[in-house]
Structures are given as structure tokens and as C-alpha cells.
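One structure below.
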Amino acid sequence: MTAAATALAPPIATDTSPPLSAGPGLRYGALGFPLAFLSLPLYVMLPSYYASEYGVALATLGFVLLATRALDAALDPFIGQAVDGLFAASTRRAWTVAAIAAGVLASGFAALFFPPVRGNALLVWLASGLILTYLAFSVLSVIHQAWGTRLGGGPAQRSRIVAWREGCGLVGVLVASVLPSLLGMGAASMVLAGTLAIGIVLLARAPRATLQSRAARTHWALPWRSAPFRRLLAVFMLNGIASAIPATLVLFFVRDRLQAAHAEPLFLGAYFAAAALSIPLWVRTVHWLG
């Protein structure tokens with residue numbers, strides 16, 4: 001939802017923006033590393049972790065994950081409206097909320113993978129931790145994406161902005177695919193907290209929007225009246241389902257079918273490295289097909 005909204009957002013600044021060089025690009029994009037780093041353990045490793053370590057039934061896990069993600073999705077439009085208000089007030093205010101969300105995100109992640117309770121209370125802990133972590137993740141992601149959108153510029157400039165963010169995110173995914181299996185979730189939690197702190201510090205020095213004006217307030221459901229927007233969201237939904245099913249099941253397949261739990265880092269690394277290496281192919285395909 002947030003990515004689709006960002007893709008449809010109109011440029012706020014003019015095409016006279018100076019080219020985004022390596023320094024400013026990295027200061028903006030660095031936060032993409034921990035955001036992507038968090039996604040892999042949270043979406044791929046958490047179900048397998050709770051099933052193997054705590055014996056939670058997969059059906060129960062699926063229900064909890066679906067319910068908490070549905071709540072997060074329902075709140076996303078209102079998070080977007082709130083973020084618009086933050087940027088209209090000042091970029092510094094948006095950064096402050098991002099820093100708070102980063103702290104909540106690091107704490108929620110650690111709480112999920114190191115629960116102090118067992119039994120029935122574990123499910124309550126899991127659901128509460130997921131809600132807290134998902135909401136913090138959404139707030140921080142929307143602020144980060146909106147920050148880049150508000151830098152404006154023409155297609156080339158906007159492509160560079162996205163490239164820095166997604167490039168740092170790609171590195172985060174690759175590191176997250178092997179680090180938890182090699183060094184454990186304790187090390188992953190520390191890396192997440194440290195890179196979130198670095199990303200927030202760098203974001204404070206990142207380029208800022210050249211125009212800070214409050215957009216006309218519209219109803220949250222207004223985009224649904226646009227047929228192109230609905231078609232775009234349909235593509236996002238199908239793409240999300242297509243990627244979520246194998247990503248969620250791959251660890252169960254490696255452990256239960258292949259009996260190769262010791263090789264999890266190798267399989268995960270190959271899985272996401274294949275995606276990374278195929279990016280030039282898809283970019284060229286888009287160029288060919290339009």
C-alpha cells in the first residue's frame with residue numbers, strides 16, 4: 001500500500017533539483033538497510049522460529065500473523081495522512097517521529113524473538129509484539145518513502161533517489177538472509193538496533209524537501225476512485241502473494257523436506273541473491289516492454 005502510494009505521488013519540487021550524489025544519496029538511503037534487514041526475520045523466520053522453538057501450531061501462527069497484518073493494513077492510510085501533517089509542519093518533526101518509531105521497532109523486534117512468557121501467554125505476547133512492531137515499521141517506512149518523494153525532481157532524479165533506498169535495502173536483505181542463522185537472533189537484534197540508529201542519524205543530514213506545503217486534505221478512500229490506482233494495487237497484491245508464500249515456506253521445506261537445517265544460510269542467501277542478480281534483467285525487460 002505505502003509503496004504504491006509513493007509510486008503514484010506527484011513530484012513536489014521542480015526538475016531543477018541538483019543531481020543526488022553519493023554522499024547525500026547514502027545519507028537518505030541508509031535507513032533502507034535496517035528496514036529491509038528487519039523484514040526477512042519478521043516475515044520469513046518468525047513463523048518457523050515459533051513453530052520449532054515453542055511448538056506453536058502453524059494454523060494458529062497463520063491466524064495471528066494474518067490478523068495483525070490486517071490491522072496494520074487498515075491503519076496505513078491514516079498513518080499516511082498523519083505523516084503528511086508532520087512534513088507540512090517541518091521535516092524535523094517528521095524526523096523526530098521517525099527516531100521514536102526506530103526505537104520502538106528495535107525493542108519490538110527483540111521482544112518478539114526473546115519472549116519472557118510461555119503457554120497461552122505466549123500468543124498474547126506474540127500478537128502484542130507484532131502489532132507494536134508492524135505499526136512502528138509502517139510509520140518509519142512511510143516517513144522514509146515520503147521523505148524521498150518530497151525531494152522531487154524529474155524521472156532521472158527520482159530514479160536515483162529510489163535506487164539509493166532500494167540498493168541499501170537489497171544489502172540489508174542479503175545480510176539478513178545469513179546473519180541470524182550463522183550468529184543467532186541476538187546478533188541480528190544488535191545489528192538491527194545499531195543500523196537503525198545509524199540510519200536515523202544519517203537521515204538528519206540527508207537532503208530535505210525544497211517545498212514544505214500542506215496538501216489539500218482528502219478522504220483516505222479517494223485514491224480508490226481511480227481505476228489506474230486500483231489496477232496498480234491489484235498488481236501489488238498479486239506480487240505480494242506470489243512472494244510471500246515461498247518466502248514463508250522455504251525454511252520449513254529446507255528443514256522438513258530436505259533435512260538440511262544446517263544449510264539454511266546457504267539456501268536463504270542463494271534465494272535472495274538470485275533475486276538481486278536478476279534485477280538488471282527485469283530493468284532491461286521494462287525498457288523493452290515499456
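Within region 49-77, residues that are within 17 Å of Met185 (Cβ to Cβ) and in contact (Cβ under 8 Å) with a residue 40 or more places away in the chain have Cβ atoms under 9 Å from residues that are of a type in the set (Lys, Arg) and open to solvent by 60 Å² or more (accessible area, probe 1.4 Å) in these pairs: Ser52/Arg255; Tyr54/Arg118, counting only partners at least 6 apart in sequence or on another chain. Here is the figure for region 192-207: residues that are surrounded by 20 or more Cβ atoms within 10 Å (Cβ to Cβ) and either free of Cβ contacts under 8 Å to residues at least 40 places away in the same chain or assigned to a helix (DSSP H, G or I) (or both) total 6. Here the condition is being closer than 24 Å to Gly108 by Cβ, β-branched (Val, Ile, Thr) and at pLDDT below 95; of Val171, Val162, it holds for Val171 alone. Tell me which residues, restricted to region 38-69, are small (Gly, Ala, Ser) and either open to solvent by 40 Å² or more (accessible area, probe 1.4 Å) or under 30 Å from Cys168 (Cβ atoms) (or both). Ser39, Ser48, Ser52, Gly55, Ala57, Ala59, Ala67 - these are the residues of region 38-69 that are small (Gly, Ala, Ser) and either open to solvent by 40 Å² or more (accessible area, probe 1.4 Å) or under 30 Å from Cys168 (Cβ atoms) (or both). Out of all the residues in region 212-221, is one or more of a type outside the set (D, E, K, R), open to solvent by less than 80 Å² (accessible area, probe 1.4 Å), closer than 28 Å to Ser48 by Cβ and out of contact with any Ser or Thr (no Cβ under 9 Å at 6 or more places or on another chain)? No: zero hits.
Residue by residue, here is whether (1) under 28 Å from Pro280 (Cα atoms); (2) open to solvent by 40 Å² or more (accessible area, probe 1.4 Å); (3) in contact (Cβ under 8 Å) with a residue 24 or more places away in the chain holds:
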residue: Leu123; (1), (2), (3): no, yes, yes
residue: Leu130; (1), (2), (3): no, no, yes
residue: Ser138; (1), (2), (3): no, no, yes
residue: Val142; (1), (2), (3): yes, no, yes
residue: Val162; (1), (2), (3): yes, yes, no
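The values are calculated or read from the model by the stated rules, or taken from the named source; none is laboratory data. Since we're looking at a predicted model, the values are computed, not measured. Note: ideal-geometry Cβ built from the backbone for every residue, glycine included; neighbour counts use all protein chains shown. For accessibility, only protein heavy atoms count, side chains too; no ligands or nucleic acids. Shrake-Rupley method; radii C 1.70, N 1.55, O 1.52, S 1.80 Å.
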